[in-house]
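Trainee: Before anything else, here's the structure in question.
The values are calculated or read from the model by the stated rules, or taken from the named source; none is laboratory data. As the structure is a computational prediction, the values presented were derived from the model and not from experiment. Neighbour counts run over all protein chains shown; Cβ positions are idealised from the backbone, glycine included. Protein only, heavy atoms only, side chains kept; ligands, DNA and RNA dropped before computing areas. Shrake-Rupley method; radii C 1.70, N 1.55, O 1.52, S 1.80 Å.
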Amino acid sequence: MEYKNPLGVDIDLETGVIPGAKKLVRRLSDLKGYFVDEKAYEELLKENPVVYEVYAIEQEEKDGDLNFATTVLYPGKVGREFFFTKGHYHSKADRAEIYYGIKGRGGMLLQTPEGKAEWIEMKPGTVVYVPPYWAHRTVNTGDEPFIFLAVYPADAGHDYGSIAEKGFSKLVVEENGEVKLVDNPKWKE
Ligand SMILES: O=P(O)(O)OC[C@H]1O[C@](O)(CO)[C@@H](O)[C@@H]1O
Ligand SMILES: [Fe+2]
């Protein structure tokens, strides 16, 4: 029987970097059509800031194996919408996921395929259980990088389709200095 080698790796708790991980960078230009305020999007696109970076250690997409990744989600807004990750369902829809807050302030927006949304605030030490079938997006509501770890089935996959098309049923915005969940005007049942 051939066994894979165990791995121990230290996450840099200040920067979120995982040594030896695959790095993925998402700039504002990778998020075209995701933010509601298109005018504000076009304006900020002139700087095309990095919105988030992912450091992932991923296995072959086999049932029963696990991936883990840190995401460094930078502070910022497009109009009144806080910076967020694209958000996705899993290609194998019944795969769950665990998130763990490492640094900064933010939260997770989750939603069922029917559009029922939940918001879970996250700070260092928060563990979030993402149940099977729920789409999930992380949002930086603070003014420093929001860093978290995610552990997910190696065969979960990422289904971006319907979120890229319709977004989530709720937006996470700043209103009078508060974090508010408001209905997404673009959301069509
Ligand atoms: O894939 P998204 O929605 O852009 O999120 C960024 C990353 O966050 C994770 O959910 C966990 O780090 C990755 O699976 C994903 O690629
Ligand atoms: Fe996921």
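Trainee: Compute, for L73, the solvent-accessible surface of its heavy atoms (probe 1.4 Å) with the complete set of protein chains present, and express it in square angstrom to the nearest 10.
Mentor: 0
Trainee: Dipole of the chain (Lys/Arg Cβ +1, Asp/Glu Cβ -1, origin at the Cα centre): which of T70, G106, V9 lies farthest to the positive side?
Mentor: G106
Trainee: Further, regarding this structure: Quick one: which residues, 5+ away or cross-chain, put their amide H under 5 Å from the amide H of L66? H built at 1.01 Å from N.
Mentor: A154
Trainee: OK, next. What three numbers, in Å, describe the spread of the alpha carbons of the stretch 22-183 along their principal axes, ordered from the longest?
Mentor: Taking max minus min along each principal axis of the Cα atoms, the stretch 22-183 gives 44, 32, 28 Å.
Trainee: Same structure, new question: Sequence gap at least 6, Cα distance under 8 Å: using those rules, report the relative contact order of the chain to the nearest whole percent. Please list the in-between numbers first.
Mentor: Values: 437 pairs, mean separation 42.9, N = 189.
RCO, the chain: 23 percent.
Trainee: Per residue of the chain, what 222 nm ellipticity follows from adding -39500 (n - 2.57) for every DSSP H run with n ≥ 4, rounded to the nearest 500?
Mentor: Rounded to the nearest 500, it is -2000 deg cm²/dmol.
Trainee: How far apart, in nm, are two points set 7 Å out from the Cα along the Cα-to-Cβ line at K39 and at T112?
Mentor: Calculated label separation equals 3.8 nm.
Trainee: Quote the FRET efficiency, to the nearest 0.05, computed for D63 versus S162 with a Förster distance R0 of 30 Å and r equal to the Cβ-Cβ distance.
Mentor: Values: r = 24 Å, r/R0 = 0.80.
Efficiency at R0 = 30 Å is approximately 0.80.
Trainee: To the nearest 20 Debye, how big is the dipole of the chain about its Cα centre, given +1 on the beta carbon of each Lys and Arg and -1 on that of each Asp and Glu?
Mentor: Rounded to the nearest 20 debye, it is 260 debye.
Trainee: Computing the accessible area with a 1.4 Å probe over protein heavy atoms, can you report the carbon and sulfur percentage for the stretch 22-183? Walk me through the intermediate numbers first.
Mentor: Details: 3790 of 7640 Å².
Of all accessible area on the stretch 22-183, carbon and sulfur atoms account for 50 percent.
Trainee: Report the paramagnetic label zone for D94: residues of the stretch 108-132 whose backbone N is under 15 Å from a point 7 Å from Cα along the Cα-to-Cβ axis.
Mentor: 131-132
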